[in-house]
Amino acid sequence: MLFTLQLSAQTLGGNAVFNFLKLSNSPQLSALGGINITAQTDDAGLVFQNPALLSPAMHAQVNAVFNSLYDGIKVYHLAGAYTADRLNTNFSAGIHYFNYGSTTETDASGNVLGKFRPVDWVFQVSASRKYLEKWNYGLALKFISSDYGQYSSNGVAMDAGILFTDTSKKITASLVAKNMGFQLKKYEGTLADDLPFDLQAGITKRLAKAPFSFSLTAHHLHRFDINYNDTAFNNENGFANDKDQRFSFSKLVSHLVLATTIHIDKHLEVHAGYNFLRRKELNIGNAGNGLNGFSMGVSVLFPKIQVRYGRAYYQNSSAYNQLGINMKLNSWWKK
């Protein structure tokens, strides 16, 4: 926590480096609004968001995700989990890879020099342990890399999380500090940038007599005002500017993500989420813009394989889709 407080002043939004770290790596996470640290399932993909979610239920599981973003951008995620009983510790390792395709390279005068393929990726190693009966704590270490032709950068970061679970009351709560780190190598000709630090807290409650779970997650708790207000753009296009207030309801709810899961049976779950900040930032002026901010998905669960699908809306008629597969290798090896 002391380390977290020292880094809590790190930059928000587009002024930070490696902002791809904030994008969802898991279909279940995308369906739940893009930010969720308390969905306690055996989906190893969620460990990338909160290392404290790593549990023995994920032992020998491999998670592979295929994501089609806009304009042909391809995103891949691969992770695996293992429980070492002798060490009383759960381990996970994985990679999240962004392929932006082929791009024309030019000089300052516009002369074409050729082609290059920009990529971003992060490799993460996580570990977790149980404390007493209701607590779990975890730590994740990351190596981050960006390569945009002649411009490249890399860095290291750490996530730390703690998870509380009360199975009798069906409540899960968590606190996570994410992306605490720094650049090892700067982009050529630039100064060192901050990483997209985030302090998150969340709670999930499953109803005792109905097949519903509800989640509330708060992000960027280290800074109250996270709304982006481009006054020049708003004035030029006749849009209203946010009033300069120390406290407003809009600023408060911008920190929140709501989500629900319908547990239809042990083989089928339906997910839905709403991201307040995404909705606000992607609206045109003060008007709505379709379903942006909303997300949904479905999970088909079998003993040996899980198939998960997520769909998140960013514009009126545009959404991105994620498809993920989880396989428990030890179940396939059994005779």
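Bear in mind these aren't lab numbers, they're just calculated from the coordinates by the rules spelled out. All of these numbers come straight from a predicted model, not from anything done at the bench. Please note: Cβ atoms are built from the backbone with ideal geometry, for glycine as well, and neighbour counts cover all protein chains shown.
Pair-distance distribution P(r) for region 180-225, from all Cα-Cα distances in 10 Å bins starting at 0: 20, 27, 23, 17, 9, 3 percent. Cα centroid separation, region 91-107 to region 31-68: 21 Å. Modelled label positions at L221 and S168, each set 7 Å beyond Cα in the direction of Cβ, lie 2.5 nm from each other. Note on T89 and V307: their simple-model spin labels are 3.8 nm apart, each label 7 Å out from Cα toward Cβ.
Taking label positions 7 Å along the Cα-Cβ direction at both K186 and A208, the computed distance is 5.9 nm, reported to one decimal.
In terms of its Cα atoms, region 43-186 spans 66, 29, 28 Å along the principal axes, sorted from long to short.
May I ask for log10 I(q)/I(0) of region 94-172 at q = 0.16, 0.19, 0.21 Å⁻¹, from a Debye sum over the Cα atoms as equal point scatterers with solvent left out? Values returned for q = 0.16, 0.19, 0.21 Å⁻¹ are -0.74, -0.87, -0.95.
Show me the three semi-axes of the equivalent ellipsoid for region 138-216, from the C-alpha gyration tensor (sqrt of 5 times each eigenvalue), largest first, rounded to whole Å. Mind showing how you got there, number by number?
Numbers: eigenvalues 301, 29, 17 Å².
In descending order, the three semi-axes are 39, 12, 9 Å.
The alpha-carbon positions of region 252-298 define a convex hull whose volume is 68 Å³ per residue. In plain terms, the chain is cut at each of the GluC sites (Glu not before Pro) found in a DSSP loop with at most 13 other Cβ atoms within 10 Å, and the longest leftover piece is 189-335.
In straight-distance terms, cross-link reach from K251 covers every one of the lysines whose alpha-carbon lies under 27 Å from its own, apart from those fewer than eight places away in the same chain; here that gives K22, K178, K205, K243, K280.
Would you work out the Kirkwood radius for the chain? I mean one over the mean of 1/r across all pairs of different Cα atoms, in Å.
On the way: mean 1/r = 0.0474 Å⁻¹.
This gives a value of 21.1 Å.
Computed over the Cα atoms of region 56-127, what is the ratio Rg over Rh, Rh following Kirkwood? Radius of gyration relative to Kirkwood radius: 1.25. Ordering S55, G94, Y274 by Cα displacement along the dipole of the chain toward the positive end leaves S55 in first place; charges were set at the Cβ atoms of Lys, Arg (+1) and Asp, Glu (-1).
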